[in-house]
Amino acid sequence: MDKYELLRRIVTFPLIAAGLADDLLAGDYRSVFRGQGIEFDEIRRYERGDDIRSIDWNASARFGKPYVKMYREERELTVFIILDCSASMHTGSGLTRFEQGLLAAALVAFSAERTGQRAGALFYDRDIRRVFPPGKGRRHIMTMIQSALDLGPGGPGSSLGKALAGAGRLLRRRSLAVIISDFLSVNWEQEFLDLARRHDLIALRVSDPLDKELPAAGLIPLEDPETSLRIHAPAGFESFRSAWSQWHEDRASFWEVLCRKAGAAFLELSTAADTAESLLRFFGGRRNSVRSARGRMGGPP
């Protein structure tokens, strides 16, 4: 798909974003991820009946009297997209991983715009290529999308760790960070965990059907997009196809375990999948799970 066709598809997304906005950002969006919809406001003197768990022990020790932390409802969310533009993302058997990733990024950004939230982005390959501080409005989002299209295929290498660390330095307030990548990188795990401690994380791993199963078609020419190394893979042998599938399965399992450890929401998004349908099902399912859990605990729906 050339970039003009991709852009023509993206410009229809504001019409599609309504349903996704309802599930991703509207109402008690924070509860979909961690159940937090408040942020720190101020401290005040402790009063009878206050929850002792809200006592600020540092302030109490400093002033010699008990003080409690006060919170207020957080009504504005910053959505920050971290998009992998490295060479491996520009591969795929239908759509490329980058094209599918950009479609997902556009849908998330337009959903933020629809509910008046701020959206920003960071594009990276072996280095950070472009950064867009969070802003509002459709023009801002289209500028981000056009910039990603204009970057073209990234150079060799992928520094996800550097991108995550850069996002962490940029985001001062608690935000919703959406990481879109094939996660084909090394030494990024600690930065992922660090970002998860301060922000809500969604990890979208873009995969391709050929990751799971190569056709039994004799010798298949394969090229490593990061090194340009070319081989003729013996796909006619079941042992090779099995090893290929197992390698990709192991990578996916490692990614999923780390996401669970970090408390991040995660979704594998195939290049063969319908972008909007996949995201609507994913976020809608999470919201329904939260409502069901609240019903079992006797809380408000």
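The values are calculated or read from the model by the stated rules, or taken from the named source; none is laboratory data. Owing to the predicted nature of the structure, the values given are computational and were not obtained by experimental measurement. No Cβ is skipped: glycine too gets one built from the backbone with ideal geometry, and neighbour counts run over all protein chains shown.
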Discussion item. Checking the structure you have, find out if any residue of region 143-159 is closer than 18 Å to L83 by Cβ, part of a helix (DSSP H, G or I), more than 16 Å from the chain's Cα centre (by Cα) and among the charged types (D, E, K, R).
Written reply: yes
Worksheet, complete the sentence: Checked D194, D211, D200 against criteria (among the charged types (D, E, K, R), within 18 Å of S253 (Cβ to Cβ) and modelled with pLDDT of 90 or more); the one match is D211
Worksheet item: Name the pairs whose Cβ atoms lie under 8 Å apart, with the first residue in region 11-24 and outside any loop (DSSP other than H, G, I, E, B), the second charged (D, E, K, R) and modelled with pLDDT of 75 or more, and 6 or more positions between them or separate chains?
Response: P14/E113; P14/R114; P14/R138; A17/E113; A17/R114; A18/R114; A21/R114
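Hey, can you tell me all the residues within region 234-245 that are surrounded by 15 or more Cβ atoms within 10 Å (Cβ to Cβ) and in a loop (DSSP other than H, G, I, E, B)? Break it down into steps so the answer makes sense when it comes.
Residues of region 234-245 that are surrounded by 15 or more Cβ atoms within 10 Å (Cβ to Cβ), as a first pass: 235, 240-241, 244-245.
Across region 234-245, the qualifying residue is only A235.
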Item to complete: Please list, ordered by first then second residue, the pairs with beta carbon atoms under 6 Å, 6 or more apart or interchain, first in region 204-233 and without any contact (Cβ under 8 Å) to a residue 60 or more places away in the chain, second of a type in the set (A, V, I, L, M) and surrounded by fewer than 13 Cβ atoms within 10 Å (Cβ to Cβ).
Response: L222/I231; H232/L219
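Of all residues in region 114-142, which are in a helix (DSSP H, G or I) and surrounded by fewer than 23 Cβ atoms within 10 Å (Cβ to Cβ)?
Taking region 114-142 and keeping what is in a helix (DSSP H, G or I), we get 114, 138-142.
Hits for region 114-142 are R114, R138, R139, H140, M142.
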Fill in: R169, sole failed condition from (1) crowded, with 18+ Cβ neighbours inside 10 Å; (2) out of contact with any Gly (no Cβ under 8 Å at 6 or more places or on another chain)
(1)
Response to the item:
Going through region 56-80 in order, the residues found to be loosely packed, with under 12 Cβ neighbours inside 10 Å, at pLDDT below 85 and more than 30 Å from L204 (Cα to Cα) are R72
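Just the residues that are surrounded by 14 or more Cβ atoms within 10 Å (Cβ to Cβ) and farther than 30 Å from T78 by Cβ, please, taken from region 195-221.
The first filter runs over region 195-221 and keeps only residues surrounded by 14 or more Cβ atoms within 10 Å (Cβ to Cβ), leaving 195-196, 198-211, 214, 220.
Selection gives D208, P209, L210, D211, L214, I220.
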